[in-house]
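Here's the structure, in structure tokens; my notes come after.
The values are calculated or read from the model by the stated rules, or taken from the named source; none is laboratory data. Because the structure is predicted, anything quoted here is derived from the model rather than measured. Cβ sites come from the backbone with ideal geometry, for glycine too, and all protein chains shown count toward neighbours. Remember, those area values only see protein heavy atoms, side chains included, never the ligands or the DNA or RNA. Shrake-Rupley method; radii C 1.70, N 1.55, O 1.52, S 1.80 Å.
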Amino acid sequence: MSSFTKVSVSEQPHSKRGDDSMIKTLSAIRTTIVLSIFLLTMTVLSLPSVSVAAQSTTILHSYDAFIQDRLSNGLEIYKQDAMSFQVTEIAVSQQNIKNDALILENLQQIEFEIEAPASGLYYMALTYQDVTESILPVSVEMTVNGEMQYQEMQNLEFKSLWQREKEVQRDRYNNEISPDIHKVNQAVTSYLTARNGYHNEPLLISLQAGTNKIELTSTEGTLNLLIIHLLGQDEVPVLNAESDPTVEVEGDVSVTIQAEQVYMQNSSSIRPGTAFNDSLTPYNNEHRVLNFLDGASFRYANDQIIYQVEVPTAGYYFVSLHYQQDARVDFPVFVNVSLNGQIPSESLINQALPYSASYQDVTFINQSTQSDLPIYFEEGINELSFQITLNPVKNVLERTESLIKDIQALSLQIENLLGGSVDTNRDIDLEDYISGIPEQLLVWADELALLQDEVIALTKIESTPGAFQQLKLAETQLRDLGETPRKIGNRWNELAKGGASVTAHLATLLQEATDNGVSIDEIVIHQTEKPAISQVGFIEGISNSFQRFFQSFSSQDYDVANDSDNLQVWVNRPRQYIEIMQQMIDQNFTVETGIQVDLSIMPDQNKLILANSSGNEPDVALGVGYALPFDLAIRGALADLTQFDGFEDVATNYSKNLLIPAAIGESVYAMPETMNFYVLFYRKDILDSLSLPIPDTMQELVNLLPALKQRGMSAFYPTATLGTSFKIFPWTMPMIYQSGGDFYTDSILETGLATDATIEGMRDLTDLFTIYSLPVDVPSFYQQFRDGSIPIGISDFGTYLMILNAAPEIANLWDIALVPGVENEEGEVQRWTSGGAESSIMFSDSERKDEAWEFMQWWLSAEVQTEFGVLLQTTYGREYMWNTANLEAFAELPWSTSHKNVILEQSQWIAEVPRTLGGYMVEREVSRLYTSVVVDGENLRKSNDLSIKRINREVLRKLEEFGYIVNGEWVMPYEMPNIENLLVEEGMSNDD
């Protein structure tokens, strides 16, 4: 293939160093030219100094700004009686009506019309049933009369209620494990609420007098809508909490609830936990017992737990918790407390649970008097609920988000003026070109100081709490820059570039603010002053400690042990994964087959070779890095899986090229378990604001660069990871394969690096950096994607996890697409990327090969992989995403539907470099070749010739070492992986 069209966006780096004085002279001339052009452009075009996001033609207001605007224009909040509308009567079309419900299908749209008595602001609630099989909440976009009124309407979330089974389950080691959970099959009424948890009250919508058309579009999940409610502010419980009672609490009743026994919850991942902590109840020295509500799962804004509390007599009671809150250092987590669906009194809004590194007792208090708060319970069963809220720090977090955008805008202005790199030899007074920078920096520093005062007021300490130290760091940094204005030109990247910048500190604050984990041991409803919470005496505590110490010398759960007749399976994963796997095996696989399986935590996958040589290897190993099976197989340690019945049925579940790294000739020695997919990440807000399309080819990506470079932004390619470090095949292979090249030929002694297609692909790869000036060193694409300095780039599953779960400030502002490729002569875009991650292997010395294969077939099946992926997320939370390589199972995982569709389509373009003898030298030399051209400025062909010589020499040496060549003669053939022939023989066509 031909190279990209050369559209230069910056000068090509020099490969030779000139005279120092000449360089300085050229630098000075360049600086003068750049500044002159900038000033001329600013004068003639009068370019506004605004952030990138502000250039968008369609700007959605925040909820607060929208409501304030409507109120200032004379609209009022509705205060009359509530109105309810049966959806069957107001639906625009009867097409989606079924069983008295209006069905909102996944990724579909519905419309209904409601009559408002007057123009004004209304609270809306929906009565619905979530009929989605997924554990994800239903997400909906909403418009009113064709208008999306504020940002929060882009992603409204409607949660379901969940219940765990009451019967506690135990694993084979007699440890208690979390019971199964299921969705409660009942109608739920929910207000429109903000996902970020900043508002305690529901969201208002603006309606005109008369008919209003409402459109709901599902972005995830299916809803059966039953009733639409319009309410006034007198109908909303959180707005009508009564004054705090001041009565005396009489009586001696005390009721204790074990917090791990939640009645209902609004998130499937909230779970009980086990801990060897004798301050918890119950406690056992030998076995794990469920003894607290795990704060690692009850942690996000709007998470809600509901308990059933039965009291013998109606009256006033105190509510106390035995809890631990170590998520927010020196700062409380806030909860809204409801009783029977209502907030009993105003102090139960934003009730604080102070920071505590260990378990302690707290009683809900009257926030005005700081005395214990009486709460009225009805006789019999009451429903007591706690919901996490971020409302007390709403202003701090919103102002932080705003400051990030403002600081990024200033950083962009400075970068447009000075260029993309910091020149420490230049001393430029930015005041001559952009006035007021020092003053603005100090204004921001003062604002951050005020925000610190705001959070200090919510604590009992006199300095900035640890949970908000990023405010202090950012303030100090801004103040230092503002007080040394002549240094700003040399330090401007401290504003919004890199992990130590001001915006990075503030973004980290926003990320950490989402973690509000509270672990609860017991809840006590009591009328006595001191709650009857279980306490451990000093002597008992010492005794428990000694018992646990001696227990540690005995056999531990999931230890590696080969002295059993059971099938031995080593797993290269954490204990949380193994507990679920063992439970599934014992409850399903062993029951169905009679085969007993022992799972063990693998100490180190690299010791599998040693374990094999010493005769201590397992029968099966799971979670093995995809590059390792070749090293084991070439030494005869692994079984050829193609010899087993049903191999082709298992192989059809995967992208066929995932088999290549574990193939030698037409034998396959490992099956893929997970995949590390690559996709294109892009910031929707930034590309939309610049009217830039999503690139389909690498040429189109290159065409975006001038517009991005003009604004101090760029794109990311994976070889920029870790700068000049070693470049692995998944980073260097794609563009070579997309150009029709390869690293190998049919003969192992002839590397493919000498072919024209491979050289052309390598040139296209290096041109991205030498001609188009993509950044060569990106310490963290995730971080720069967050701050907007790199709004588009190709990356993998790890980046997907981080952006999805640890970048709340850009939620709904990003998306993924297919990897841009290279168009071939037939006009088809070649999108080849790597996908290998972890594999499953069977050892050749196993005496239980048939049982091992039956287990592998079961574990790798679509049904089991789907079940495991769902259990993992329901048990441990949304961030525990299982990236199974089984494509049928992947399609059923509880992930975003639109994202799954992109990933599944991209998976058809997975390619892998064969693992061969001496293959490490190919990977090493391709990395060196890239670095020599991109970093050192060497000639590609000349450097390539040297790589070819080194590769051929090392491959020959390895062939001699393994006995393929003796005295320069072939004594046995070395077969390159031939997946195409293998799959055809096994009955799989290329289309499969």
* Got at least one residue in region 625-636 being open to solvent by less than 30 Å² (accessible area, probe 1.4 Å), closer than 23 Å to TRP858 by Cβ, assigned to a loop (DSSP other than H, G, I, E, B) and not acidic (Asp, Glu)? -> no
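Anything in region 289-320 that is assigned to a loop (DSSP other than H, G, I, E, B), of a type in the set (S, T, N, Q) and open to solvent by 10 Å² or more (accessible area, probe 1.4 Å)? List them, or say none.
Restricting attention to region 289-320, the residues satisfying the condition of being assigned to a loop (DSSP other than H, G, I, E, B) are 289, 294-303, 312-314.
If we keep only those that are of a type in the set (S, T, N, Q) too, we end up with 297, 302, 313.
Listed by number, the residues that qualify are ASN302, THR313.
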* Number of the condition not met by VAL776 [criteria: (1) closer than 30 Å to LEU495 by Cα; (2) open to solvent by 10 Å² or more (accessible area, probe 1.4 Å); (3) within 23 Å of the chain's Cα centre (by Cα)] -> (3)
* Asked: Of these, SER402, SER347, SER371, SER338, which one is among the small types (Gly, Ala, Ser) and either in contact with a His (Cβ under 6 Å, 6 or more places away or on another chain) or open to solvent by less than 10 Å² (accessible area, probe 1.4 Å) (or both)?
  -> SER347
* Structure fact -> Checked region 228-280 for anything under 30 Å from ILE177 (Cβ atoms), part of a loop (DSSP other than H, G, I, E, B) and of a type in the set (Gly, Ala, Ser); matches are ALA259, SER267, SER268, SER269, ALA275, SER279
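Out of the residues in region 483-514 that are more than 30 Å from LEU430 (Cβ to Cβ) and open to solvent by less than 50 Å² (accessible area, probe 1.4 Å), which is modelled with the highest pLDDT? Step through it out loud before you land on a result.
Initially, region 483-514 is screened for residues more than 30 Å from LEU430 (Cβ to Cβ), giving 511-514.
Going one step further and asking which of them are open to solvent by less than 50 Å² (accessible area, probe 1.4 Å), we end up with 513-514.
Numbers: ALA513: 90, THR514: 87.
Filtering region 483-514 for residues that are more than 30 Å from LEU430 (Cβ to Cβ) and open to solvent by less than 50 Å² (accessible area, probe 1.4 Å), the one modelled with the highest pLDDT comes out as ALA513.
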* **Residue within region 789-802 that is closer than 25 Å to GLU925 by Cα and open to solvent by 20 Å² or more (accessible area, probe 1.4 Å) present** => yes
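Okay, residues lined up against (1) loosely packed, with under 14 Cβ neighbours inside 10 Å; (2) within 26 Å of the chain's Cα centre (by Cα); (3) under 17 Å from LEU226 (Cβ atoms); (4) not aliphatic (A, V, I, L, M):
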residue	(1), (2), (3), (4)
GLU89	yes, no, yes, yes
ASP100	yes, no, yes, yes
ILE110	no, no, yes, no
SER119	no, no, no, yes
TYR123	no, no, no, yes
LEU126	no, no, yes, no
GLN129	no, no, yes, yes
THR132	no, yes, yes, yes
THR143	no, no, no, yes
* Structure fact -> Checking GLU985, GLU938 in turn, the sole residue that is surrounded by 12 or more Cβ atoms within 10 Å (Cβ to Cβ) and at pLDDT below 90 turns out to be GLU985
* Asked: Is there a residue being β-branched (Val, Ile, Thr), over 35 Å from the mean Cα position of the chain (by Cα) and in a loop (DSSP other than H, G, I, E, B) anywhere in region 321-344?
  -> no
* Does region 884-906 contain at least one residue that is open to solvent by 20 Å² or more (accessible area, probe 1.4 Å) and closer than 30 Å to LEU753 by Cα? -> yes
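Can you confirm whether THR424 is of a type in the set (S, T, N, Q), on the phi < 0 side of the Ramachandran plot and modelled with pLDDT under 95? Working first, answer last.
On the way: of a type in the set (S, T, N, Q): yes; on the phi < 0 side of the Ramachandran plot: yes; modelled with pLDDT under 95: yes.
So THR424 fits the description; yes.
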* **All positions within region 573-624 that are surrounded by fewer than 19 Cβ atoms within 10 Å (Cβ to Cβ), small (Gly, Ala, Ser) and without any contact (Cβ under 8 Å) to a residue 24 or more places away in the chain** => GLY594, SER613, SER614
* Structure fact -> GLN784 meets each of (1) touching a residue at least 40 places away in the same chain (Cβ under 8 Å); (2) surrounded by fewer than 23 Cβ atoms within 10 Å (Cβ to Cβ); (3) out of contact with any Leu (no Cβ under 8 Å at 6 or more places or on another chain) with one exception, condition (2)
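In this structure, is VAL955 under 42 Å from the mean Cα position of the chain (by Cα), touching a residue at least 24 places away in the same chain (Cβ under 8 Å), buried (at least 20 other Cβ atoms within 10 Å of the Cβ) and under 21 Å from SER725 (Cβ atoms)?
Criteria not met by VAL955.
Please verify whether GLN163 is touching a residue at least 12 places away in the same chain (Cβ under 8 Å) and open to solvent by 70 Å² or more (accessible area, probe 1.4 Å), treating the condition exactly as stated. So that I can check it myself, show each step before the final result.
Values: touching a residue at least 12 places away in the same chain (Cβ under 8 Å): yes; open to solvent by 70 Å² or more (accessible area, probe 1.4 Å): no.
Spelling it out, it is not the case that GLN163 is touching a residue at least 12 places away in the same chain (Cβ under 8 Å) and open to solvent by 70 Å² or more (accessible area, probe 1.4 Å).
Which members of region 818-828 meet the condition of being surrounded by fewer than 17 Cβ atoms within 10 Å (Cβ to Cβ) and either touching a Lys or Arg at 6+ places or on another chain (Cβ under 6 Å) or assigned to a strand (DSSP E or B) (or both)?
From region 818-828, those surrounded by fewer than 17 Cβ atoms within 10 Å (Cβ to Cβ) are 823-828; that's our starting set.
The answer is GLU823, and nothing else.
When the residues of region 375-384 are filtered to those that are open to solvent by 10 Å² or more (accessible area, probe 1.4 Å) and in contact with a strand residue (DSSP E or B) (Cβ under 7 Å, 6 or more places away or on another chain), which remaining residue is nearest to ILE525 (Cα to Cα)? So that I can check it myself, show each step before the final result.
Filtering region 375-384 down to residues open to solvent by 10 Å² or more (accessible area, probe 1.4 Å) leaves 376, 378-381, 383.
Retained after the next criterion (residues that are in contact with a strand residue (DSSP E or B) (Cβ under 7 Å, 6 or more places away or on another chain)): 376, 379-381, 383.
Values: TYR376: 11, GLU379: 13, GLY380: 13, ILE381: 13, GLU383: 12 Å.
The extreme case among them is TYR376.
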* Asked: If you take the residues in region 688-704 that are surrounded by 21 or more Cβ atoms within 10 Å (Cβ to Cβ) and of a type in the set (A, V, I, L, M), which one is nearest to ALA651 (Cα to Cα)?
  -> MET698
* To do: Could you tell me which residue of region 220-237 is farthest from LEU373 (Cα to Cα), considering only residues that are out of contact with any strand residue (DSSP E or B) (no Cβ under 6 Å at 6 or more places or on another chain) and open to solvent by less than 30 Å² (accessible area, probe 1.4 Å)?
  => THR222
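With the structure loaded, tell me whether LEU39 is at pLDDT below 90, assigned to a helix (DSSP H, G or I), open to solvent by 60 Å² or more (accessible area, probe 1.4 Å) and more than 26 Å from ASN200 (Cα to Cα) or whether it fails that test. So that I can check it myself, show each step before the final result.
Numbers: at pLDDT below 90: yes; assigned to a helix (DSSP H, G or I): yes; open to solvent by 60 Å² or more (accessible area, probe 1.4 Å): yes; more than 26 Å from ASN200 (Cα to Cα): yes.
Yes; evaluated as a whole, the condition is true for this residue.
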* If you go through region 427-470 one residue at a time, how many are at pLDDT below 90, outside any helix (DSSP H, G or I) and more than 27 Å from PHE334 (Cβ to Cβ)? -> 6
